[in-house]
1. Using DSSP to call loops (not H, G, I, E or B), can you name the GluC sites (Glu not before Pro) in region 146-208 whose Cβ has at most 11 other Cβ atoms within 10 angstrom?
2. Could you give the length gained on full extension between SER38 and GLN105, defined as 0.36 nm per residue of separation minus the Cα-Cα distance, in nm?
3. Could you give the nm distance between label points at ILE71 and GLU58, where each point is 7 Å from its Cα heading toward the beta carbon?
4. To the nearest 500 deg cm²/dmol, what mean residue ellipticity at 222 nm is calculated for the chain from DSSP H runs of n ≥ 4 alone, each contributing -39,500 (n - 2.57), summed and divided by the residues?
5. Can you give me the distance in nm between label points at GLU47 and ARG251, each placed 7 Å from the Cα along the Cα-to-Cβ direction?
6. Let me make sure I get this right: for region 127-283, a, b and c are the square roots of the gyration tensor eigenvalues over alpha carbons, sorted descending. Under 1.5 in a/c it's rounded, otherwise prolate if a/b > b/c, else oblate. Which is it?
7. Where a Cα-Cα gap under 26 Å defines reach, which lysines qualify for LYS62, not counting those fewer than 8 residues away within the same chain?
8. I'd like the antiparallel share, as a percent to the nearest 5, of DSSP beta bridges with both residues in the chain.
Amino acid sequence: MILGQLECPLDVALADELSLFLEEEVVSSSWYEMEPKSWIFQAIFKEDKHSLLRGKIEAFFKEKGLSIPKIMGSTLADQDWVAAVYRDFPPLIIGQFYIYGSHIQDHPPADLIPLHIEAATAFGSGQHESTEGCLKALSLLGEYHSFSAPLDMGCGSGILAIAMAAMWQVPVVACDNDPEAVRVTLENSHKNAVGRLIHAEVSEGFSRLQNKTFDMITANILAGPLCQMAEDADRALKPGGFIVLSGLLNRQAQDVIDAYRSVGIRLFNQIFIGEWSTLIMRKE
């Protein structure tokens, strides 16, 4: 696979947000310090997405009211860069879950739920704080509750859908507006022996889920879309049901809380990991 690379200088405080903004289009993103207090953002992507990525980076800075920086592009050597990026990643223990790739040969701990998730062209390997927050939220809820009809909205790699299916051994609906994410979710569900429990489909928000209701929803997306879908989420969530919202910075959390409170969904708990928040909310 031939990949491209784009680099641009940026304020390191924006690096996480830009990374999440580009998540659906890139193989990986990272940032490094060129010199003291001078940071470079780096995105690696499939070569045919060069123009799309450059446009999205420019749009990000425009939306922030900032000058568009110099964006430098190059082509990388032909190798499996996804595997190269993740090859040396250690397994993760997050709450009740043990997340590992095929390069890990050790047996998963007997007291944890194993999640076999490889590097892929969809978001959600457990490395990002927003995914970590969701897994911690599921672990917390799993100590006191069980669910019979979960939904993973914006499923990415399917890690949250797989986690819910493995934890409660119930059918889980997973959806994403990216067909690649749906494909990867189905592939990962079979790797984790829960393929029979997961129904994944392409959907723009809740558009394909009309008249379906759920007692547990996860949505690891972005603050803006989360606010916009509050009314749809309320219609889809059963009374007394929980919704886990993530992909938002701490400073964005109150806007999301207010949007869901306005439709009768109240804050139950908030998980802070660095600059990122995960909200556990419950419908009255």
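1. Numbers: sites: GLU180, GLU187, GLU201, GLU204; in loops: GLU204.
Loop-located and lightly packed - GLU204.
2. 20.2 nm
3. My value for the distance between the label points is 0.7 nm.
4. Working: 9 runs with 86 residues, N = 284.
Helix-only estimate at 222 nm: -8500 deg cm²/dmol.
5. Calculated label separation equals 3.9 nm.
6. Details: a/c = 1.40, a/b = 1.33, b/c = 1.06.
Verdict is rounded for region 127-283.
7. Correct list for LYS62: LYS37, LYS46, LYS49, LYS70.
8. Numbers: 36 of 58 bridges.
Here the antiparallel bridges make up roughly 60 percent for the chain.
No lab work stands behind these numbers, since they all come straight from the coordinates. Treat the numbers as computed from the prediction; the structure is a model and nothing was measured. Don't worry about glycine lacking a Cβ; one is built from the backbone with ideal geometry, like all the others, and counts go over all protein chains shown.
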